[in-house]
Amino acid sequence: MSAPGLSRRHVAAAVIGNALEFYDFVTYTFFALQIGRAFFPSHDEYVSLMLSLGTFGAGFVMRPLGGVVLGRYADRAGRRPAMLLSYLLMGVSILVVALVPPYSVLGIAAPVIVIFARMAQGLALGGEVGSATAFLMEAAPPEKRGFYTAWQAGSQYAASIVGSLVGALLSASLSPAVFSAYGWRIAFGLGVLTIPFGLLIRNSLPETLHLPEATPASDRPGDTKTLLWANARVIVLGFLVLAAGTIFTYVSNYMATFAQTVLHMGSTLALCATVVSGVTGMAAGLFSGALSDRFGRWRVMLWPRFVYLAGAYPVYAWIIHAHSATALLLGTAFLQFSGGMGLGAFYAAMTESLPKPIRGTVFGTVYATAIAIFGGTTQVAITWLPHVTGSPFAPAYYVIAASVIGLIATALMMESAPVRRQDGAPIQGAAMASAE
């Protein structure tokens, strides 16, 4: 059962709304090549792609601002109104992207409009994550917080799956010329059609901000500045873990473009790899969330990172040298499952470690800042690095280095799961492991 007054239907409504909002945002990356041709035409396709990815990154610039403004709104006015506002803003901006004419019609105005629309999407999503994650955590009974909160990551993967399937279907059913001309607009148009449905289900959600909690972190007194200082450890380590997770996620999302531009595979197969990535990532996140409810957050976050680090380079080597559909799909599945296992547990670990008065603001802002710095630059970096180095292994080196930093930060985090806390207080993860 959920928290008092909340049902699984309410939690499902929050998850669906979150997935719809992420669908609108991540669809852009699946069609980076086509959007680049429409709004950033160039005789050099590499230049066009880089400009398109740079515009994708523009959406990340506004995400920290969204985390602060809408996160603070969620902590004061409530989770539901903040989620409604972010969804409405996302809907309007995605409508603009779907309808704006190409560069050949509007000239320089076309890419300018797209950039501003992407910035509005970033503002919306920056506020979405903090309020939605806080809602999921507060809607859950203590013994199921890991699984409930893991749906934040799960809904993002669900959006990736749907976006990939839409892209694969359009690529298979349309001619290359038609797909490049307006196939991507169909995918965005489907996102526009969900706007009324998303607003309706979010408007039906109850409020969780004022529900009582038994979590020690939620009872800490003090003003905002005092609470921020008292939780500096959680904030810094959370940022490092999220930074590593962001690089991992966007390298995974880039697999479709990597398969086409570096491995020279077909667009349908490349998009199928993204579907595999979404399915395995979603399964890993939810599985890790459920495991963390039973065995604690810390160990479930930590050990899969060792597996990922051990297997990342050999699997990338297999994908690059085998140059086959089997290697691409199975290798993607392994990387995504091992890399995504800790994320579901992490969402619960950080959220339940934060006091309720700053929960939406801090989680949303830390998440958005990590995304803004590394999500907005990762795909540009891993497109540029193989180009200048001539090595297709550059993305592997990039994500492995980030994973080492994430592993260290994870090892320093505190255990926060109710099943593992001693005397109701969070404990150091390493100390807990050594004591057992």
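Before moving on, here are some points about what is shown:
- Annotation note: of V92, V69, V112, V129, the sole residue that is open to solvent by 60 Å² or more (accessible area, probe 1.4 Å), within 20 Å of the chain's Cα centre (by Cα) and either over 21 Å from S155 (Cβ atoms) or β-branched (V, I, T) (or both) is V69.
- Odd one out for R294, checked against (1) touching a helix residue (DSSP H, G or I) at 6+ places or on another chain (Cβ under 8 Å); (2) in contact (Cβ under 8 Å) with a residue 60 or more places away in the chain; (3) open to solvent by 30 Å² or more (accessible area, probe 1.4 Å): (1)
- Flag for T383 being modelled with pLDDT under 85, under 30 Å from A124 (Cβ atoms), of a type outside the set (A, V, I, L, M) and out of contact with any strand residue (DSSP E or B) (no Cβ under 6 Å at 6 or more places or on another chain): yes
- Among the conditions (1) in contact with a helix residue (DSSP H, G or I) (Cβ under 8 Å, 6 or more places away or on another chain); (2) touching a residue at least 40 places away in the same chain (Cβ under 8 Å), the only one that P141 does not satisfy is (1).
- Among the candidates R202, R185, residue that is in contact with a Gly (Cβ under 8 Å, 6 or more places away or on another chain) and of a type outside the set (G, A, S): R202
- Matching residues in the stretch 339-381 - criterion: being surrounded by fewer than 24 Cβ atoms within 10 Å (Cβ to Cβ) and of a type in the set (S, T, Y): T369, T377
- Flag for Y308 being open to solvent by 50 Å² or more (accessible area, probe 1.4 Å) and among the aromatic types (F, W, Y): no
- Flag for A431 being open to solvent by 20 Å² or more (accessible area, probe 1.4 Å), modelled with pLDDT under 90 and among the aliphatic types (A, V, I, L, M): yes
- Count of the stretch 382-416 residues which are over 21 Å from A370 (Cα atoms), in contact (Cβ under 8 Å) with a residue 60 or more places away in the chain and not in a helix (DSSP H, G or I): 4
- So P357, is it in contact (Cβ under 8 Å) with a residue 40 or more places away in the chain, more than 17 Å from G278 (Cβ to Cβ), in a loop (DSSP other than H, G, I, E, B) and not charged (D, E, K, R): no
- Residue match in the stretch 368-379 (condition: more than 14 Å from the chain's Cα centre (by Cα) and among the small types (G, A, S)): no
- Only residues that are assigned to a helix (DSSP H, G or I), at pLDDT 70 or above, open to solvent by 40 Å² or more (accessible area, probe 1.4 Å) and closer than 22 Å to I35 by Cα were counted in the stretch 50-66, giving 1.
- Listed here are the helices (runs of 4 or more DSSP H) enclosed by the stretch 240-344 that have at least 2 residues being more than 24 Å from S391 (Cβ to Cβ), modelled with pLDDT of 90 or more and basic (K, R): 297-322.
The values are calculated or read from the model by the stated rules, or taken from the named source; none is laboratory data. All values reported here derive from a predicted model rather than from experimental measurement. In this analysis, Cβ positions are derived from the backbone assuming ideal geometry, glycine residues included, and neighbour counts consider all displayed protein chains. Surface accessibility is based on the protein's heavy atoms, side chains included, excluding ligands, DNA and RNA. Shrake-Rupley method; radii C 1.70, N 1.55, O 1.52, S 1.80 Å.
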